[in-house]
Structures are given as structure tokens and as C-alpha cells.
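Computed from the coordinates by the stated procedures, all read-outs in this text should not be read as laboratory data. Keep in mind that this is a model prediction, so the values were computed, not measured. Cβ: placed from backbone, ideal geometry, glycine included. Neighbour counts: every protein chain shown.
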Amino acid sequence: MHASRGPQTFGVSQQRRYKEYMSLRADSTWPAVGTSMRWLRFVRHLPNFMRLYWRLFRDARVSIWPKALIVVSLLYLASPIDILPDVIPFVGEVDDLIVLIIACRLFMYMCPRDVVREHVRRIAAGN
């Protein structure tokens, strides 16, 4: 028979995982609360994301291809040519958002992981 293991018997990393697990359970129980919490977390970290993208864009260790991807996607967003015209309510703006999200994810995927980690650590340290 095993003893009940609450968060007080875990190590530090196990406590963090326990809290994450419990927050995920709360997210699945209360979807509206979970969604709004993720949205707030994203908005709170948005300046850090922007710093990370800017630092990676300026870093010489990052290839020209991810940088070109970001430039082309920003040009697409600024251009009057769209896949779906913006005059169509809601749908016209959504295609721009989708292009931006995909480009940002691909940019991060194409950057060397060690360079990304280094910049994330520096941003977290306040440098």
C-alpha cells in the first residue's frame, strides 16, 4: 500500500509538474477560464516574444532563410494583394492572421535551437 503523495512530498521540479497538471485539469473542467488564462498569459509575454524575434532576426548565426520568411510575410501583410480580400467581413482579416502565425512559427522552427535558447535565457535574465 503506497502513501498518499501530495505536493509537499515532491521535489521542486515535481511540484512544478504537479501545479501544471492541476492547472491543466482546471483548464479542462472550466474551458472558458482556461482559454482566458492562456490568452492573458500570451498577452503578458508578448513583449518578450517581440524581443526574441527581433534578437533572432539581428543575430548573424541565424540563416538568411528564416529572416527572408519574416520579411516576405510582413510584406504580404502590408501589401494590398490578399489570398482572401479584406472586404469579406472577418474572413478577410483572418487570412492575414493565419499567415502571420504560420510565418512566426516557421521562423522559430528554422532558427538554431541553441541560439533560441541563448536569447530566451538572456531575455529571462533581463539582458
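Here are the numbers:
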item: Qualifying residue in the stretch 91-106 (condition: under 20 Å from the mean Cα position of the chain (by Cα) and either touching a residue at least 40 places away in the same chain (Cβ under 8 Å) or over 22 Å from Leu46 (Cα atoms) (or both)); result: yes
item: Residues being among the acidic types (Asp, Glu) and out of contact with any Phe, Trp or Tyr (no Cβ under 9 Å at 6 or more places or on another chain) - total across the stretch 47-101; result: 4
item: Among residues of the stretch 109-126, those that are without any contact (Cβ under 8 Å) to a residue 12 or more places away in the chain and either surrounded by 13 or more Cβ atoms within 10 Å (Cβ to Cβ) or charged (D, E, K, R) (or both), counted; result: 5
